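Participant: This structure is in structure tokens; I'll ask about it shortly.
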Amino acid sequence: MFVFKLRAMASAIAGAIAVVSIPVYPVTAVAAEPENSAVLTAANPQTIEPVEVVIKRLDEARNGLSPDTGSTIYRFGRKDIEALPFGDNTPLNQVLMQAPGVVQDSYGQLHVRGDHANLQYRINGVVIPESISGFGQALDTRFAQQISVLTGALPAQYGYRTAGVIDIQTKGNSFENSGSLSYLGGSHNHQETGLELSGLKDAFSFFLTGSFLRNNLGIENPIATKNAIHDTTNQWKAFGNLSYLLGNDSRINFVFGHSDSRFQIPNVAEQTPSFTLDNAAAISSVNFDARQREKNRFQILSYQGTAGAGVDYQVSLFNRYSDVAYTPDAVGDLTFKGIAAHILRRNQTVGTQADLSYPVGREHTLRTGIVYSREQFRVNNVSQVFAADTDGNQLNGMPISIVDNSQISGHLYGIYLQDEWKPTDKLTINYGARYDRVSTIVNESQLSPRLGVVYDFTPQTRVHAGYARYFTPPPTEKIDTTSIALFLNTTNALPSDANTSVKSERSHYYDIGLSHQLTPSITVGLDGYYRDVRHLQDEGQFGNALIFSAFNYERGKIYGLELSGSYKQSHFTAYGNASYSSAKGKAIESGQFNFAQDELDAINKNWVHLDHEQRWAASAGMSYRLGRTLISADMLYGSGLRNGFVNSQHLPGYTQVNLSLLQNLDLPGIGKLDARFALINAFDKTYQIRDGSGIGVGAPQFGPRRALYAGISKAF
């Protein structure tokens, strides 16, 4: 079985490379620490050293394309990732939950600073077009050398998805001729295998990784038991980074990724059917067989170079394809829910982006760039429903079929210009603006000024402040295209018939914060933010398929505080974060057909809490290395997401503690390898993430119960 998985992973990597029929387009580069630049080794230093020097210089040039002045940045390095319970096997969303202001939700979703999703992902500074939301993590932690989380008032370079920018610097920057093989197994029949390969040959270097995961807890359990019913998942992932130097001042990079995930929809026992299906035998809710499949793949081709006088540039082409397919249990969904819908959402985006950095004298650095993307979104929806009267009562037991297919295509344009000005050694001012235009179901545009300031009072104390005008187009892949009229007088009739197209969100964002180094080992930070929003975008699960649809509140106001601290010494490290957030909206102005009239009336008259608001959140962790042994622990706390009628209540608070141990071994005849043990939810606390109530909340989910895992990793 183990050999079969390795062969299958190799096939997945090869298949992902073969998918390179890309209509490509651009991307941006994000800041990374110079100390993370490539360090190459080989038997012949006279051959390798010039290549090493060129790669380091190009890495630093790429990093210089993306400033973070005025924003808040939180970084996870290799040691931070290694100290997490699963190490490289840790899902990306669980890594990010250790950052301040990040709140977990069901189906692997994250909320940063009171926003719903709205995250932008980058790899080596290159934007990855967003995929259709589902259960799986399309990106993998195992290829990350460093993960940076940027929030706050972002410079003009960053647009569209602005709640947070997640920039992943890949391990491939080390480009050693090496590899590793890993396996992790444990509770819920968890089996996860990973393979990494990297190498360097003259001007060509590569990094490849693939993984396979299977377990019986693919989606959060809808009930409080340790083991879910009908919840198996199979997930394949592959990633590659290929680079070729073109002389001393330029290179070509090709980055690709592929994921294919399959999920069973978990069942709840002892449910009672609400509808009658002719000629169908009775079915227990335990035996439902609804499933969902998610596919994502992306390819990015970049040309990066430097010119005289410190000019750096990067031009990129990108392509991303994703789809989510929901397959119902034909009898179960009809008899228990009144609808059995086969739904396929498919989205493809191609685009191009260029970025340029140009120093003007000793005090100014100008940066500019453009972006263009084109996307095509298609929905295939074939539903089986029953005829019903005006009150929703079933009229007969013979289902009728309704086809509700649709498609959307559109364009997105953007351009920015900014100046990083250093009038003194202590003061840095980054000011600029960007102009964006979207043409999908809406035709809208905005000119967005940005301003960020950083001042070093002392070598130990830094203050930053910023303002950003944001423009967030509606996510095309989450636009609900349901035809209301088609489902009138059926058991899938919508609560109301009012509807308005989703609008672009427009907001004013203010951020101020400071960081202070108390001692060489202790650093603390405090950050505050406020966001005033028009056409606030939110998302909800309104149908049987576990797929999210976007809608707007007319107004929104979001504010909060974050406190962070870290302690680092040679053998012991610790961190702690705490945050407070308030997020409210008023008046539904799009997607009204998803809401009952009493909900619409209450929301239109009052400010209501957003369903993803969690007033208090905290994360903490520590690790201690004793010789070849690394002992780690981490903790998550949440005061509870909103629930009840129009989110008027919140769920109970929870705390989850995880423990892990990593042992470095050196065995005769085998050599060096690492053994890992992890205990998740060590105190077996039972807590609910969602209870199925609230605005746009479709089903209950519980956090994981106590689980034990063990793994092994061998480098070669």
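Participant: Return one quarter of the surface area of the convex hull spanned by the alpha-carbon atoms of the range 463-544, equal to its mean projected area, in nm².
Facilitator: Orientation-averaged projected area of the Cα hull: 9.0 nm².
Participant: Continuing with the same structure: Quick one, can you get me the convex hull of the C-alpha atoms of the range 339-480 expressed as volume per residue in Å³?
Facilitator: Details: hull volume 25.5 nm³, N = 142.
Each residue corresponds to 179 Å³ of Cα convex hull volume.
Participant: Please get the size of the charge dipole for the range 283-434, origin at its Cα centre, with Cβ charges of +1 on Lys and Arg and -1 on Asp and Glu, quoted in debye to the nearest 20. Don't jump to the answer; show the numbers that get you there.
Facilitator: Values: 15 positive and 15 negative charges, 87 e Å.
It comes to approximately 420 debye.
Participant: Now, a different point. Count charges around residue 587 for me, please; just the other residues with Cβ under 10 Å from its Cβ, Lys/Arg as +1, Asp/Glu as -1. Kindly include the intermediate steps, with their values, before the conclusion.
Facilitator: Values: positive: 555, 586, 605; negative: 554, 589.
Net local charge, residue 587 excluded: +1.
Participant: Label residue 460 and residue 534 with points 7 Å out from Cα along Cα→Cβ: what is the distance between them in nm?
Facilitator: Once both label points are built, they end up 4.6 nm from each other.
Participant: On to the next question. For the range 569-669, what are Rg and Dmax over the alpha carbons, in angstrom?
Facilitator: 22.2, 73
Participant: Here is a follow-up. Please give the charge dipole size of the chain, origin at the Cα centre, charges +1 on K and R Cβ atoms and -1 on D and E Cβ atoms. Round to the nearest 20 debye. Please report the intermediate quantities before stating the final value.
Facilitator: Numbers: 60 positive and 65 negative charges, 218 e Å.
Approximately 1040 debye in magnitude.
Participant: Give me the dipole magnitude in Debye, nearest 20, for the range 211-317 about the Cα centre, with unit charges on the beta carbon: positive for Lys and Arg, negative for Asp and Glu.
Facilitator: Numbers: 9 positive and 9 negative charges, 58 e Å.
That gives the range 211-317 a dipole magnitude of about 280 debye.
Participant: Hey, rough spin-label estimate for residue 568 and residue 401, points 7 angstrom out along Cα→Cβ, what's it come to in nanometres?
Facilitator: 6.1 nm
Participant: Along each of its three principal axes, how wide is the spread of alpha-carbon positions in the range 158-295, in whole angstrom units, largest first?
Facilitator: 73, 38, 30
Participant: Let me test this: with uniform point scatterers at the alpha carbons of the chain, what is the Debye-based log₁₀ I(q)/I(0) at q = 0.06, 0.08, 0.09, 0.10 1/Å?
Facilitator: -0.35, -0.63, -0.81, -1.02
Participant: Follow-up. I'd like the FRET efficiency for residue 364 and residue 227, computed as 1/(1 + (r/R0)^6) with the beta carbon distance as r and R0 of 60 Å, rounded to 0.05.
Facilitator: Numbers: r = 61 Å, r/R0 = 1.02.
Between residue 364 and residue 227 the formula returns 0.45.
Participant: Give me the extension gain from residue 655 to residue 413: residue separation times 0.36 nm, minus the current Cα-Cα distance, reported in nm with one decimal.
Facilitator: Numbers: separation 242, 0.36 × 242 = 87.12 nm, distance 4.37 nm.
Length gained between residue 655 and residue 413: 82.7 nm.
Participant: If you don't mind, another one. FRET efficiency for residue 522 and residue 269, Cβ-Cβ distance as r, R0 = 60 Å, nearest 0.05?
Facilitator: Values: r = 51 Å, r/R0 = 0.85.
Once the sixth-power term is evaluated, E becomes 0.70.
Participant: For the pair residue 684/residue 378, report the inter-label distance in nm, with labels modelled 7 Å from Cα in the Cβ direction.
Facilitator: Here the modelled spin labels are 5.0 nm apart.
Participant: Between residue 439 and residue 712, what is the FRET efficiency for a Förster distance of 41 Å, r being their Cβ-Cβ separation, to the nearest 0.05?
Facilitator: Efficiency for this residue pair is about 0.20.
Participant: A further question on this structure: Lysines near residue 226 by alpha-carbon distance under 23 Å, same-chain residues fewer than 8 away left out - which ones?
Facilitator: Within the straight-line cut-off, residue 226 pairs with 685.
Participant: Additional query: How much net charge surrounds residue 139 when only other residues with a Cβ under 15 Å from its Cβ are counted (Lys, Arg +1; Asp, Glu -1)? Display every interim value, and only then the final one.
Facilitator: Working: positive: 122, 142, 161, 171, 237, 295, 297, 320; negative: 88, 130, 140, 167, 260, 294.
Charge balance near residue 139 sits at +2.
Participant: If each residue of separation counts as 0.36 nm, what is the full-extension length gain between residue 582 and residue 670 once their alpha-carbon separation is subtracted?
Facilitator: Values: separation 88, 0.36 × 88 = 31.68 nm, distance 5.44 nm.
Contour length minus Cα-Cα distance gives 26.2 nm.
Participant: Jot down the radius of gyration and Dmax of the range 641-691, Cα atoms only, both in angstrom.
Facilitator: Over the range 641-691's Cα set, Rg and Dmax evaluate to 20.1, 64 Å.
Participant: Rounded to two decimals, what ratio of Rg to Rh does the range 220-351 give with C-alpha atoms and a Kirkwood Rh? Walk me through the intermediate numbers first.
Facilitator: Values: Rg = 23.7 Å, Rh = 18.7 Å.
The Rg/Rh ratio comes out at 1.26.
Participant: For every other residue with a beta carbon closer than 15 angstrom to the beta carbon of residue 267, add +1 if it is Lys or Arg and -1 if Asp or Glu, then tell me the sum. Mind dumping the intermediate values first?
Facilitator: Working: positive: 291, 337; negative: 220, 231, 270, 289, 329, 333.
The answer is -4.
Participant: Starting with the highest mean, order 246-257, 481-492 by the number of other Cβ atoms within 10 Å, averaged over the residues of each peptide. Show your work: numbers first, answer last.
Facilitator: Values: 246-257: 18.1, 481-492: 16.3.
With the highest mean Cβ count within 10 Å placed first, the list reads 246-257, 481-492.
Participant: Still on this model: At a temperature of 10 °C and a viscosity of 1.306 mPa s, determine how fast the range 228-279 diffuses translationally according to Stokes-Einstein, using the Kirkwood radius over alpha-carbon pairs as Rh; express D in µm²/s, rounded to the nearest whole number. Could the numbers behind the result be given before it?
Facilitator: Working: Rh = 16.2 Å.
Diffusion coefficient, whole number: 98 µm²/s.
Participant: Right, something else. Between residue 604 and residue 510, 0.36 nm times their residue separation minus their Cα-Cα distance comes to what?
Facilitator: Here the answer is 31.2 nm.
Laboratory data are not the source of any read-out in this text; all were calculated from the coordinates shown. All of these numbers come straight from a predicted model, not from anything done at the bench. For neighbour counting, all protein chains shown are included, and Cβ atoms are generated from backbone atoms with ideal geometry for every residue, glycine included.
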